[in-house]
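**Q** Quick one: the structure is below, questions incoming.
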């Protein structure tokens, strides 16, 4: 059997390539350089598949039993693949994504016939469009396609945490070993499926050349579903570090970091538990055997074997900027955060729904960082006033607008799915932390537009919460 991998050097493709070679399959890669992660025994056709003319020249006279494309991300990529491979292969396998399944889910168990609809993530919508073009090509042109949907797949150079650097995931490990905290979206109890690339390879290689699979879609994932909290605990244990995590509502993270909203709201915040019976009917040997606790040990050992992992695999965006934000501000001790302009939070605070909810949230004090209890300002909750009461209102001491409504802060009134409706405003000179969804927040009285972000969103010092003002 002769198989072509378009790309061939990524996390999934390398594992599939190695297993295919072990099974005596002739493997060819089509990529831009023959020197990227070379694997002994693999022939390479050098061309950029996005340059269709160059790819056509490289593929001249070539024929394959199967072609696997991992780097097609939309319908236009499939159009190109149809032109390139329609007469060159007996089977075309498009690597889609399990993130394409409907969000939010209609039922907890995901099967291959679960509808595809993800309004939150452009990446997923592109994969859905590509799948639809594959199905049309099968029906209208007889294009011999198979669809494979991996979920969150990891391997030697991937630490699969919810909020981490995609290109340099070692950054998360480095933070833990430095005694710093990592962020877990939501309450950390979302069930998530992580699949080692060696287990994924068994299913994919088993589909190669299998004509019964043409026209079908499969997900190839692990049977093990863990909560995000447990994933972080096992990862920290493998790294030999304390598991220091901070829970922050997913919608809040998305408002502060819009570039993360698709991946979090459209994927990582939704339970992902899969029915794997279909792939096992077609590939009986596809039974994942690598538990996450063991697989992540291999990943961290791979990083630790690098002579300089701290420099070669560390993403400054996950460490440097947060540390710089913690530097002193106008004489304050290190650990304070500079004022931050965040239009996303400001827009949320200005919604009518948020203003309405401000008036309905009770207040019951807060715990200061030194352990003392601060009961909150002695401001009575608003009541309907008689004419005389309204006349006397001007004689009352002035208090912040949000304090007049049960001493709440507008930040808590965001419609971000919090379950506990308590907020503790403090005097401007005070700091406190209150656990909402197990997430430390810092509250302050004063400006009604002060957006008090979860401190760990930008923090690198677990002991230093701080105020952030949106202007």
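The values are calculated or read from the model by the stated rules, or taken from the named source; none is laboratory data. Keep in mind that what you see is a predicted model, and the values were worked out from it rather than measured. Note that we place each Cβ from the backbone using ideal geometry, even for glycine, and neighbour counts take in every protein chain shown.
**Q** Which residues, taken from region 192-213, are touching a strand residue (DSSP E or B) at 6+ places or on another chain (Cβ under 9 Å) and closer than 17 Å to residue 138 by Cα?
**A** If the condition is that a residue be touching a strand residue (DSSP E or B) at 6+ places or on another chain (Cβ under 9 Å) and closer than 17 Å to residue 138 by Cα, then 209, 210, 213 are the ones that fit.
**Q** Could you please find all residues in region 115-146 being out of contact with any helix residue (DSSP H, G or I) (no Cβ under 9 Å at 6 or more places or on another chain) and either assigned to a strand (DSSP E or B) or closer than 29 Å to residue 255 by Cα (or both)?
**A** 115
**Q** Hey, another quick one. Filtering region 45-82 down to residues that are over 32 Å from the mean Cα position of the chain (by Cα) and assigned to a loop (DSSP other than H, G, I, E, B), which residue is surrounded by the most Cβ atoms within 10 Å (Cβ to Cβ)?
**A** 59
**Q** I've got another one for you. Whether any residue in region 214-234 is farther than 16 Å from residue 286 by Cβ and out of contact with any strand residue (DSSP E or B) (no Cβ under 8 Å at 6 or more places or on another chain) is what I want to check.
**A** The answer is yes; a qualifying residue exists.
**Q** Restricting attention to region 87-114, and to residues there that are assigned to a loop (DSSP other than H, G, I, E, B) and in contact with a helix residue (DSSP H, G or I) (Cβ under 6 Å, 6 or more places away or on another chain), which single residue is modelled with the lowest pLDDT?
**A** Residue satisfying both the conditions and the ranking: 103.
**Q** Also, I was wondering about something else. Taking the options 138, 182, name whichever one is surrounded by fewer than 20 Cβ atoms within 10 Å (Cβ to Cβ) and over 22 Å from residue 274 (Cβ atoms).
**A** Only one candidate passes the filter, namely 138.
**Q** Okay, next question. Out of all the residues in region 256-274, is one or more assigned to a strand (DSSP E or B) and either without any contact (Cβ under 8 Å) to a residue 24 or more places away in the chain or over 23 Å from residue 95 (Cα atoms) (or both)?
**A** There is no residue in region 256-274 that is assigned to a strand (DSSP E or B) and either without any contact (Cβ under 8 Å) to a residue 24 or more places away in the chain or over 23 Å from residue 95 (Cα atoms) (or both).
**Q** Looking at this structure, is residue 58 touching a strand residue (DSSP E or B) at 6+ places or on another chain (Cβ under 6 Å) and farther than 20 Å from residue 204 by Cα?
**A** Yes: the conditions hold for residue 58.
**Q** Can you give me the ranges of the strands (runs of 3 or more DSSP E) entirely in region 163-247 with at least 3 residues that are modelled with pLDDT under 95?
**A** Strands (runs of 3 or more DSSP E) meeting the threshold: 182-185.
**Q** What are the residue pairs meeting all of these: first residue in region 221-245, first residue farther than 17 Å from residue 196 by Cα, second residue part of a loop (DSSP other than H, G, I, E, B), Cβ atoms under 6 Å, and 6 or more apart or on different chains?
**A** Note: pairs meeting the criteria are 229/188; 233/243; 236/243; 244/181; 244/462.
**Q** Does residue 24 meet the test of being under 19 Å from residue 206 (Cβ atoms) and surrounded by fewer than 16 Cβ atoms within 10 Å (Cβ to Cβ)?
**A** Spelling it out, residue 24 is indeed under 19 Å from residue 206 (Cβ atoms) and surrounded by fewer than 16 Cβ atoms within 10 Å (Cβ to Cβ).
**Q** Go through the residues of region 50-66 one by one and say whether even a single one is closer than 22 Å to residue 220 by Cα and in contact (Cβ under 8 Å) with a residue 40 or more places away in the chain.
**A** yes
**Q** Inspect region 20-30 for any residue being assigned to a loop (DSSP other than H, G, I, E, B) and out of contact with any strand residue (DSSP E or B) (no Cβ under 8 Å at 6 or more places or on another chain) and give the result as yes or no.
**A** Taking every residue of region 20-30 in turn, at least one turns out to be assigned to a loop (DSSP other than H, G, I, E, B) and out of contact with any strand residue (DSSP E or B) (no Cβ under 8 Å at 6 or more places or on another chain).
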